[in-house]
Amino acid sequence: MKKRNLNVKTKTVKKNILLKKSKVKKIYKAFRSKIFKILGTKSFAVGVSGGSDSLCLAYFCKLYELEFKNKIHFFIVNHNIRKESYSEALKVKNILKTRRIQSKVLSWKGKIPKSNIQLNAREMRYSLISEQCYKNSLGFLVIAHHKDDQVENFLIRLFRGSGLNGLSSMSEKVNYDKNLKIIRPLLDFDKKDLKYVTKQIFKTYIVDPSNDNDIFLRSRIRKYRQTLENEGLDTKKIIKTVNNLMKAKNALEFYKKEAIKKYVKFTSKEKCIINMDLLYKETEEIIFRSFSDIFSLISDSYYPPRSRKVLNLIERVKKRNFKKSTLSSCLIEKSKNFIFISKENKKIS
């Protein structure tokens, strides 16, 4: 792919949406450089919630589309969790229209969750948008997670006693499944800068009422952050810690991949054979990571099973009397020195 001169402002960008503020130009230039390295001129989808960060992302992606002539799809999700959900989705759609950004509202028509609201809402978003990505042959979904989200995720997982995977938090690129990658080009950007752009361009944005609801840990974490910063634990120090943990995680991922190459044979996308030597010749962390990865691959799931369940299974598999079990839509069987894992065939009664 021929590299473009990113310092050139195309006539299309100047004509359609003027970047009058020098600070907006500077932030967009950093975004453009970042996303060009990841996606170039490929088409992709964008998830828009209506918050200040996602509206900024949508605006920058529209500029990018005008400049590089790729096709970008903008999706808004109506979870139907609150009675105002649909009207808010339409409001976001109209806000985007003020900058000639055409979008599509996706409404959830399944069962509305009564517990774990934020987790279920996230899964609903990914489910609806990923379906549209498949329909439009899009391999990338761009979302607006930023530096402040990274800090909040780190603190939430620290409160919950997460291990290295959780504490190293979000990556710039991650597989949702075999056909779709999630891209987070704003992880190096501060929320206050994204909010500045949105105020300049759209003059308004949607405020999620759950942001101030102390029933959610994330909301309480946001209030704790000021106290932590007053004690010297600021954003820069947390991001530095996250980056250091990410380096350690990447090293373990390398050795995990080597272990899978050595001890695991995939006979199809939904079946594999594991040599029991993996359980006796590798460290506990590599064994755990290998099994977690295998379950995600075979079940074709974005999230692996909970750590506790994977560790319990590993301990049970080591026992002589282990024959068969299920986990994460997978069937696990053992015979002599081999473990067989396959996608579970659920019979419809």
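General remarks:
- Measuring between alpha carbons in the structure, the pairs from LYS42/LYS93; LYS42/LYS181; LYS71/LYS109; LYS265/LYS343 lying more than 19 angstrom apart are LYS42/LYS93; LYS71/LYS109.
- Set of lysines with alpha-carbon distance to LYS237 below 17 Å, sequence-local pairs under 8 removed: LYS147, LYS191, LYS247
- Euclidean distance between Cα centres, region 272-349 to region 71-114, Å: 39
- Whether region 258-343 is rounded, prolate or oblate, judged on the alpha carbon gyration tensor where a/c under 1.5 counts as rounded: rounded
- Average projection area in nm² (convex hull over Cα atoms of region 32-182, one quarter of hull surface): 9.8
- Other-chain or far-sequence residues with amide H under 5 Å of ASN78's (modelled H): LEU106, SER107, TRP108
- Think of the chain as having a plus end and a minus end, set by charges on the Cβ of Lys, Arg, Asp and Glu; of HIS73, PRO209, ASN345, HIS73 sits farthest toward the positive end of this dipole.
- Bins of 10 Å from zero: percent of alpha-carbon pairs in the chain: 5, 21, 29, 25, 15, 5, 1, 0
- Principal-axis tilt of helix 147-159 within the chain, Cα atoms, nearest 10 degrees: 30
- Length available on full extension from LYS97 to SER137: 0.36 nm per residue minus the Cα-Cα distance, which gives 12.0 nm.
- Largest GNM mean-square fluctuation among MET276, MET170, MET124, using the chain with Cα springs under 10 Å: MET276.
- As a proxy for reagent exposure, ranking LYS111, LYS23, LYS34 by other Cβ atoms within 10 Å from fewest up yields LYS111, LYS23, LYS34.
- Residues with amide H under 5 Å from that of HIS73, placed H, sequence gap 5 or more: PHE44, ALA45, VAL46
- Taking Cα atoms only, the orientation of helix 217-230 departs from the longest principal axis of the chain by about 70 degrees.
- Each of LEU158 and THR235 was given a label point 7 Å from its Cα along the Cα-to-Cβ line. The distance between the two points is 1.6 nm.
- Spin-label model distance (nm) - VAL105 vs THR267, 7 Å beyond Cα toward Cβ: 5.0
- Cα-based reach from LYS199 at 13 Å (exclusive), listing aspartates and glutamates while leaving out same-chain residues under 8 positions away: ASP53
Just so you know, all these numbers are worked out from the coordinates, no wet-lab data involved. Here the structure is a predicted model, which is why all the values come from computation and not from measurement. Cβ atoms come from the backbone with ideal geometry, glycine included; neighbour counts cover every protein chain shown.
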